[in-house]
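Below is one structure, written out as structure tokens; the observations come after it.
What follows draws every value from the coordinates through simple rules; no lab data is involved. The model shown is predicted, which means the values in this text are computed figures rather than measured ones. Glycine also receives a Cβ, built like all others from the backbone with ideal geometry; neighbour counts cover every protein chain displayed.
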Amino acid sequence: MQETKLLELTLFPPGLDHPEGVAWGPDGKAYAGGEAGQVYRLDLEAQTAEEFANTGGFVLGLAHDAAGNIYACDQGVKQIVKITPDGTTSKYSDGGGGQNMSVPNYPVFDAAGNLYVSDSGAWAQKNGFIWRVKPGGEGEIWSTAANGFTNGMCLGPDGKSLYVVESSPPLISRIPINADGSAGARSIVVELPRMVPDGVAFDEAGDLWISFYNPNVIYRVSADGALQLMYDDWEQSLLIAPTNIAFGGPDMKTLLIANLCGWNIITAAMDVPGIRVQYPQL
């Protein structure tokens, strides 16, 4: 592994309740969740944050549709909660096919409005899996192949594959999305021994950025497969158990890092913009 400290991190003003999830919305604002169900709207330019909704549980990963509605994984109420821009909450999905969600962790939309949701299962038990929730909220189990505490996810640059964090054993896997919508064969992208990866996001150069709950580091896997250490906060002065990551900002050159064991979102200015996530019309 080639070690290079390239990122310069900035601490967003405190006051967030142990944010696990972070996302960039179609309205030009950042969004984060809290461990007591809080949903925060963050203005990066003004450096302000407001709690505008509460799910009643524990908010993990977040995704948006084109209208600005949020779809939040909530491990407390064990469902995907829909939150409108004015803060109204409702159940979007809690599973399907006779099975309920257990640990809904992270959501990813595709262009057609299907929501892929990681369900982590129990630590080290290899019983995690991925739901596919069709527009309207009907869920089905999409893949059980990436089952190692299924965690953060993102679409690949071509929009035709899902990159999946498997925190235990620690690795990143890839599952193609077949033309008929079914899951293809899982392959391993990179193994990450003695670490706990959590979040992933692609930039426009095809590099995959990975945040680690433990240790407090950020890595990058370049398009040619090289693994580089981009930030190591061994003192825990800024990164305190980083979890989900997302690209945002008007030029998509701001990396947003959730800080689960802290009270802040961390930002980093990037040279290469991130790939914009899908905001489907639902």
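According to the calculation over all Cα-Cα pairs in the chain, the P(r) per 10 Å bin from zero is 7, 33, 40, 18, 2 %. The ranking of Cys73, Cys261, Cys154 by Cβ neighbour count inside 10 Å, starting from the fewest, reads Cys261, Cys154, Cys73. Computed over the chain with a Gaussian network model linking Cα atoms closer than 10 Å, the most mobile of Thr88, Thr144, Thr243 is Thr88. In plain terms, the chain is cut at each of the GluC sites (Glu not before Pro) found in a DSSP loop with at most 12 other Cβ atoms within 10 Å, and the longest leftover piece is 139-234. Highest GNM mean-square fluctuation among Val189, Val217, Val77, for the chain modelled with Cα contacts below 10 Å: Val189.
What the phi angles of the stretch 89-96 give under the Karplus curve with 6.51, -1.76 and 1.60, with θ = phi - 60°, is a coupling list of 10, 7, 6, 9, 7, 10, x, x Hz, glycine and proline written as x. Of the chymotrypsin sites (Phe, Trp or Tyr not before Pro) in the stretch 221-269, the ones in a loop by DSSP (not H, G, I, E or B) with at most 13 other beta carbons within 10 Å are Trp234. How large is the translational diffusion coefficient of the stretch 45-192 in µm² per second when you combine the Kirkwood radius over alpha carbon pairs with Stokes-Einstein at 20 °C and 1.002 mPa s? Reported coefficient: 138 µm²/s. Extension gain, Ile188 to Ala269, is 26.2 nm, computed as 0.36 nm per intervening residue step minus the present C-alpha separation. Residues Leu162, Leu9, arranged from fewest to most other Cβ atoms within 10 angstrom of their Cβ, appear as Leu9, Leu162. Take every Cα pair under 8 Å whose residues are at least 6 apart in sequence, average their separation, divide by the length of the stretch 85-241, and the relative contact order is 13 percent. Could you tell me which of rounded, prolate or oblate describes the stretch 146-241, using a ≥ b ≥ c as the square roots of the eigenvalues of the alpha-carbon gyration tensor, with rounded for a/c under 1.5 and, failing that, prolate when a/b is larger than b/c and oblate otherwise? Prolate, because a/c is 1.5 or more and a/b exceeds b/c. Measuring r between the beta carbons of Glu140 and Gln281 and using R0 = 22 Å, the FRET efficiency lands at 0.55.
Fewest-first ordering of Trp142, Trp24, Trp123 by other beta carbons within 10 Å of each residue's beta carbon gives Trp123, Trp142, Trp24. Using C-alpha pairs under 8 Å with a sequence gap of at least 6, the mean separation divided by the residue count of the chain gives a relative contact order of 18 percent.
If the segment from Ala67 to Leu229 were pulled out straight at 0.36 nm per residue, it would be longer than the present Cα-Cα gap by 54.6 nm.
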